[in-house]
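Encoded as C-alpha coordinates, the structure appears first; notes follow it.
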Amino acid sequence: MGKLFKGVVKFTIAAAAVSGLAYVFKDQIKESKPYKEYEVDEKIKKVKTTLKEKMPAFFDNEADFVEEDSLSDELELAAEDVERDYVSITPETVVEDVKEAVEEKIEEVTEAVEEAEQEIPTIEA
(Lines give C-alpha, C1' and ligand atoms only; values in the text may rest on other atoms or scores of the structure.)
Protein backbone atom coordinates (compact mmCIF):
# COMPACT_ATOMS: atom_id res chain seq x y z
CA MET A 1 0.00 0.00 0.00
CA GLY A 2 2.87 2.34 0.81
CA LYS A 3 4.46 1.82 -2.62
CA LEU A 4 1.17 2.55 -4.35
CA PHE A 5 0.77 5.77 -2.39
CA LYS A 6 4.35 6.84 -3.15
CA GLY A 7 3.77 6.08 -6.83
CA VAL A 8 0.59 8.14 -6.90
CA VAL A 9 2.33 11.03 -5.16
CA LYS A 10 5.28 10.89 -7.57
CA PHE A 11 2.94 10.81 -10.57
CA THR A 12 0.93 13.74 -9.23
CA ILE A 13 4.04 15.82 -8.62
CA ALA A 14 5.38 15.00 -12.09
CA ALA A 15 2.05 15.89 -13.72
CA ALA A 16 1.91 19.17 -11.79
CA ALA A 17 5.47 20.01 -12.84
CA VAL A 18 4.76 19.31 -16.51
CA SER A 19 1.52 21.31 -16.35
CA GLY A 20 3.31 24.20 -14.67
CA LEU A 21 6.03 24.24 -17.31
CA ALA A 22 3.47 24.06 -20.10
CA TYR A 23 1.62 27.00 -18.58
CA VAL A 24 4.79 29.06 -18.20
CA PHE A 25 5.91 28.39 -21.76
CA LYS A 26 2.44 28.37 -23.38
CA ASP A 27 3.20 31.33 -25.63
CA GLN A 28 6.40 29.72 -26.87
CA ILE A 29 4.60 26.42 -27.39
CA LYS A 30 1.93 28.14 -29.49
CA GLU A 31 4.65 29.74 -31.62
CA SER A 32 6.50 26.45 -32.16
CA LYS A 33 6.64 24.80 -35.57
CA PRO A 34 4.92 21.48 -34.62
CA TYR A 35 2.06 23.34 -32.93
CA LYS A 36 1.37 25.34 -36.08
CA GLU A 37 2.09 22.44 -38.43
CA TYR A 38 -0.47 20.13 -36.85
CA GLU A 39 -3.05 22.92 -36.41
CA VAL A 40 -3.59 22.12 -32.75
CA ASP A 41 -5.95 25.06 -32.09
CA GLU A 42 -8.33 23.98 -34.84
CA LYS A 43 -8.32 20.38 -33.62
CA ILE A 44 -9.09 21.45 -30.07
CA LYS A 45 -12.00 23.60 -31.26
CA LYS A 46 -13.29 20.70 -33.36
CA VAL A 47 -13.18 18.34 -30.37
CA LYS A 48 -14.99 20.87 -28.17
CA THR A 49 -17.79 21.42 -30.68
CA THR A 50 -18.15 17.66 -31.26
CA LEU A 51 -18.43 17.04 -27.53
CA LYS A 52 -21.00 19.80 -27.12
CA GLU A 53 -23.07 18.35 -29.96
CA LYS A 54 -22.87 14.73 -28.78
CA MET A 55 -23.32 15.47 -25.06
CA PRO A 56 -25.41 18.63 -24.67
CA ALA A 57 -26.75 17.66 -21.24
CA PHE A 58 -23.20 17.44 -19.89
CA PHE A 59 -22.46 21.03 -20.89
CA ASP A 60 -25.87 22.41 -19.95
CA ASN A 61 -25.28 23.84 -16.48
CA GLU A 62 -28.90 24.83 -15.94
CA ALA A 63 -29.98 21.19 -15.87
CA ASP A 64 -27.70 20.53 -12.89
CA PHE A 65 -29.28 23.12 -10.61
CA VAL A 66 -32.72 22.78 -9.09
CA GLU A 67 -33.90 26.04 -7.63
CA GLU A 68 -36.31 25.90 -4.76
CA ASP A 69 -38.18 29.16 -4.62
CA SER A 70 -39.35 28.75 -1.04
CA LEU A 71 -35.82 28.38 0.30
CA SER A 72 -34.48 31.34 -1.66
CA ASP A 73 -37.44 33.49 -0.60
CA GLU A 74 -36.88 32.61 3.06
CA LEU A 75 -33.20 33.46 2.80
CA GLU A 76 -33.97 36.81 1.18
CA LEU A 77 -36.49 37.66 3.91
CA ALA A 78 -34.05 36.65 6.62
CA ALA A 79 -31.37 38.83 5.06
CA GLU A 80 -33.74 41.81 4.98
CA ASP A 81 -34.60 41.39 8.69
CA VAL A 82 -30.99 41.61 9.81
CA GLU A 83 -30.13 44.95 11.33
CA ARG A 84 -26.54 46.01 11.09
CA ASP A 85 -24.85 48.51 13.33
CA TYR A 86 -21.95 50.12 11.60
CA VAL A 87 -19.27 51.86 13.59
CA SER A 88 -17.40 54.59 11.82
CA ILE A 89 -13.71 54.19 12.39
CA THR A 90 -11.60 57.17 11.59
CA PRO A 91 -7.90 57.46 12.40
CA GLU A 92 -8.46 60.48 14.65
CA THR A 93 -10.94 58.70 16.92
CA VAL A 94 -8.79 55.60 17.08
CA VAL A 95 -5.74 57.66 18.04
CA GLU A 96 -7.74 59.54 20.68
CA ASP A 97 -9.08 56.28 22.15
CA VAL A 98 -5.59 54.83 22.30
CA LYS A 99 -4.21 57.99 23.94
CA GLU A 100 -6.95 57.90 26.58
CA ALA A 101 -6.32 54.22 27.30
CA VAL A 102 -2.57 54.84 27.61
CA GLU A 103 -3.11 57.82 29.93
CA GLU A 104 -5.40 55.72 32.14
CA LYS A 105 -2.80 52.95 32.34
CA ILE A 106 -0.07 55.49 33.16
CA GLU A 107 -2.20 56.85 36.01
CA GLU A 108 -2.86 53.33 37.34
CA VAL A 109 0.82 52.45 37.23
CA THR A 110 1.94 55.68 38.92
CA GLU A 111 -0.65 55.20 41.67
CA ALA A 112 0.51 51.61 42.17
CA VAL A 113 4.15 52.76 42.37
CA GLU A 114 3.29 55.49 44.91
CA GLU A 115 1.40 52.97 47.05
CA ALA A 116 4.30 50.53 46.85
CA GLU A 117 6.76 53.28 47.88
CA GLN A 118 4.69 54.05 50.94
CA GLU A 119 4.69 50.39 52.01
CA ILE A 120 8.48 49.99 51.69
CA PRO A 121 10.13 50.67 55.04
CA THR A 122 13.02 53.09 55.04
CA ILE A 123 16.30 51.96 56.50
CA GLU A 124 18.34 54.54 58.26
CA ALA A 125 22.03 54.05 58.66
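The values are calculated or read from the model by the stated rules, or taken from the named source; none is laboratory data. Predicted, not measured: the structure shown is a model, and the values here were computed from it. All Cβ positions, even for glycine, are placed from backbone atoms using ideal geometry, and neighbour counts span all protein chains on display.
Observations
- When E67, E80, E62 are screened for being modelled with pLDDT under 85, surrounded by fewer than 10 Cβ atoms within 10 Å (Cβ to Cβ), in a loop (DSSP other than H, G, I, E, B) and charged (D, E, K, R), only E67 passes.
- Meets criteria (of a type in the set (A, V, I, L, M, F, W, C), surrounded by fewer than 10 Cβ atoms within 10 Å (Cβ to Cβ) and either at pLDDT 75 or above or within 32 Å of the chain's Cα centre (by Cα) (or both)) for L21: no
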